[in-house]
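Worksheet: the structure to be examined is printed underneath.
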Amino acid sequence: ERQIERDGRHHLAELKAELQRERLIYAFEARKLALKDARKFERQLNALEANHPLYRKRVVGISSIGDEVDYINCTMSPLLRMAYRMGLKRSSHIGERWRVGDEEKMKGELIPALKRVKREIETGVERVAHATVLGLDFDQIEANGFTEEDREEAKKLQAEIFTLIRQRSIHIETT
């Protein structure tokens, strides 16, 4: 019985390690694609500058728009750094998605939403669109399974994000 238990834990550890390897490979490949996209974007802007300088002046920044839950922001850091070097503003739509109404899933997504906002600010955006998760009062969240530890972690992350916003003068757009 103990051997079966040890074998089961060993098998679970192997599965977790394999999943971690797959995630790292995915992140590495996604980052390579993002770097390729950043270089393509830079070439396109340079061509626009050469052929239509008036139109190029109208390009003032970049923004991420899409499904933030599956978004790996570190993959976009090459594009953000390139945009910074080119004098472009950097914006991100983040911190606005979690499953409202499904309390079990919601409690598991609030902290990841906060972490996405924090990482995005640390990556170098100047403007965060929406960031609705920052407006939540975590003392009032009544989701099943949202523990006191979850509440304290969420409040700590929220405070850290507000500090970053103040220190870096990040613009927050709320709607």
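Pairwise Cα separations in segment 23-97 fall into 5 Å bins from 0 onward with the following percentages, short to long: 3, 15, 23, 23, 17, 11, 6, 2, 0. For ILE172, list long-range residues whose amide hydrogen, built 1.01 Å from N in the peptide plane, is under 5 Å from its own amide hydrogen. Sorted by chain and number, the residues that satisfy this are VAL128. Residues whose amide H falls under 5 Å from that of SER63, counting only those 5 or more places apart or on a different chain, are SER91, with hydrogens built in the peptide plane.
With coordinates expressed along the principal axes, the C-alpha atoms belonging to segment 122-166 extend over 35, 17, 15 Å, beginning with the largest.
Shown for segment 135-175: the carbon plus sulfur share of the solvent-accessible area, taken with all protein chains present and a 1.4 angstrom probe, equals 47%.
Dividing the mean sequence gap of close Cα pairs (under 8 Å, 6+ apart) by how many residues the chain holds gives a relative contact order of 19 percent. For the chain, the longest principal axis of the Cα atoms and the long axis of helix 2-51 meet at an angle of about 10 degrees.
Axis angle, to the nearest 10 degrees, between helix 148-168 and the longest C-alpha principal axis of the chain: 20 degrees. With R₀ fixed at 25 Å, the C-beta to C-beta distance from THR123 to LEU19 puts the FRET efficiency at about 0.55. The distance separating the Cα centre of segment 44-61 from that of segment 117-175 comes to 35 Å. In this structure the chain gives 67 Å² per residue of accessible area when probed at 1.4 Å with all protein chains present. Looking at the chain, the pairs of alpha carbons with a distance over 29 Å make up 37% of the total. 3J(HN,Hα) couplings calculated from phi for segment 82-89 with the Karplus curve 6.51 cos²θ - 1.76 cosθ + 1.60 (θ = phi - 60°) are, in sequence order, 5, 4, 4, 4, 8, x, 8, 6 Hz; Gly and Pro show x. Ranked from largest, the principal axis spans of the Cα set of segment 9-67 equal 63, 19, 10 Å.
Taking the C-alpha atoms only, the angle from helix 103-123 to the longest principal axis of the chain is near 40 degrees.
Mind putting a number on the dipole of the chain about its Cα centre? Charges go on the C-beta only, +1 for Lys and Arg and -1 for Asp and Glu, and I need it in Debye to the nearest 20. Each step should come with its number before you reach the end.
Details: 33 positive and 31 negative charges, 305 e Å.
Roughly 1460 debye for the chain.
The values are calculated or read from the model by the stated rules, or taken from the named source; none is laboratory data. Since the model is a prediction, treat every value here as computed from it, not as a measurement. Positions of Cβ are backbone-derived with ideal geometry, glycine not excepted, and every protein chain shown enters the neighbour counts. Note: areas computed on protein heavy atoms with side chains; ligands, DNA, RNA excluded. Shrake-Rupley method; radii C 1.70, N 1.55, O 1.52, S 1.80 Å.
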